[in-house]
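The values are calculated or read from the model by the stated rules, or taken from the named source; none is laboratory data. Because the structure is predicted, anything quoted here is derived from the model rather than measured. Heads up, the Cβs are rebuilt from the backbone with ideal geometry, glycines too, and the neighbour counts pull from every protein chain shown.
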Amino acid sequence: MKAAIIGLGCISVLHRPAIALAGGELVAVCDNDKAKLDRFAAKGGKATMYTDYRDMLAREQLDVVHICTPHYLHAEMIIDALRAGCNVLCEKPLCIREEDIDRILAAEAESGRQLAVCHQNRYNQSSVEALRLISESPAVSGFGYVVWNRDAAYYASGDWRGKWDTEGGGVMINQALHTLDLMLLLMGDPDTVQATCENRRLSGVIEVEDTASALFRYADGRMFNFYASNANAADFPVEMVLRTADKRTLTLTGATLAVDGEAASFSHGKIEGGKSEWGNGHEALISDFYSCIRENRPFPINGKEGARVVRAILGMYRSNSEEIPLK
Ligand SMILES: NC(=O)c1ccc[n+]([C@@H]2O[C@H](COP(=O)([O-])OP(=O)(O)OC[C@H]3O[C@@H](n4cnc5c(N)ncnc54)[C@H](O)[C@@H]3O)[C@@H](O)[C@H]2O)c1
């Protein structure tokens, strides 16, 4: 299958080998920063290079387009690529604005092509095993947290970071999104959220929140808490704790899943050239997506699945300490 990548920044280094492993051929790349294209070529990259993705979509016959660009560009790029007849794999988040969700889902439905959102942590063995246990006895309560360090230097590394218009939020829409996505997968879609989002450490440096806490509730009385912060001096392992209806306690920490304190470790590792917090789910997710296209099977993390965590996070931003409906 012929593939292209739009956006040759940090995360693209994971997509390139994963495309080859999935049996794809990278035939085109696009970045509006010419220096990124020069670097790609200097490192031996072989593909037709473009600075305008619409030009690339018009000229190339592509089976899959990988979108690895800043958040604010995802919606338009997804819609344009689907309309050009391509299957699309978009990095998280699906989009950053409520009004874009319906536009994307409509384009996906009309296109007859597949849209995948890169929630690679769903492919971690610990997540798969936790989902299996939850299918035996549902989760009734939970707590998830992400406590990391993203300082001023990190935010200075890209001019789209730290701004509402371009990143669409801070720690929630960027770093903690994967963990909240897993909490929603394990607990289901909540009915309400009550959240506070603050900028504690980088006031005057970033517009968006660096710290957020939320209580998500269900009409049937279940609930879970969530806490995320980029205002820490170090990155700590992400943790999720769930209590099941049959009173078991599941604790997911990094690559480990413990049931009532009995830990089983799964190998997450990391992909060569990637950062440890990205895990190695990209390879599994991209291979699965390519297999689904080849075999004409629906890929599980489609537009609707990518939208649920975006809706929950946008609800956190709207809440402003009040309990508000999410449905
Ligand atoms: N799944 C994960 O764990 C994970 C990890 C890191 C980043 N990401 C996501 O990947 C995406 C990119 O993040 P990054 O850290 O690689 O950012 P980055 O800033 O390093 O790279 C973005 C690239 O997009 C290019 N770009 C910007 N506008 C463009 C345009 N109009 N046309 C073509 N190219 C354009 C930039 O020049 C840059 O090379 C984000 O959505 C981010 O949230 C996901």
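What's the total number of residues in the range 188-206 that are in contact with an Asp or Glu (Cβ under 7 Å, 6 or more places away or on another chain), under 21 Å from TRP160 (Cβ atoms) and either among the hydroxyl-bearing types (Ser, Thr, Tyr) or surrounded by fewer than 22 Cβ atoms within 10 Å (Cβ to Cβ) (or both)?
Result for the range 188-206: 3.
Looking at ILE79, ILE101, can you tell me which residue is closer than 20 Å to MET172 by Cα and crowded, with 17+ Cβ neighbours inside 10 Å?
The unique qualifying residue is ILE101.
Check the range 86-95 and report whether any residue there is outside any helix (DSSP H, G or I) and surrounded by fewer than 20 Cβ atoms within 10 Å (Cβ to Cβ).
Looking for residues that are outside any helix (DSSP H, G or I) and surrounded by fewer than 20 Cβ atoms within 10 Å (Cβ to Cβ), one finds none in the range 86-95, hence no.
Report, by residue number, each residue of the range 111-150 that is touching a residue at least 12 places away in the same chain (Cβ under 8 Å), surrounded by fewer than 18 Cβ atoms within 10 Å (Cβ to Cβ) and either assigned to a loop (DSSP other than H, G, I, E, B) or not assigned by TED's automatic domain parsing to the domain that holds TYR227 (or both).
SER137, PRO138, listed by residue number.
So, restricting to strands (runs of 3 or more DSSP E) that lie completely within the range 174-271, which ones have at least 2 residues that are at pLDDT 95 or above?
The qualifying strands (runs of 3 or more DSSP E) are 192-198, 211-217, 223-229, 239-244, 249-253.
Mind checking whether some residue in the range 20-31 is hydrophobic (A, V, I, L, M, F, W, C) and near the ligand (Cβ under 9 Å from one of its atoms)?
Start the filter on the range 20-31 by keeping residues that are hydrophobic (A, V, I, L, M, F, W, C), which leaves 20-22, 26-30.
Checking which are near the ligand (Cβ under 9 Å from one of its atoms) leaves us with 30.
Within the range 20-31, one or more residues are hydrophobic (A, V, I, L, M, F, W, C) and near the ligand (Cβ under 9 Å from one of its atoms).
Can you name the number of the only condition in (1) within 11 Å of the ligand (Cβ to nearest atom); (2) over 17 Å from the mean Cα position of the chain (by Cα) that THR166 fails?
Condition not satisfied by THR166: (2).
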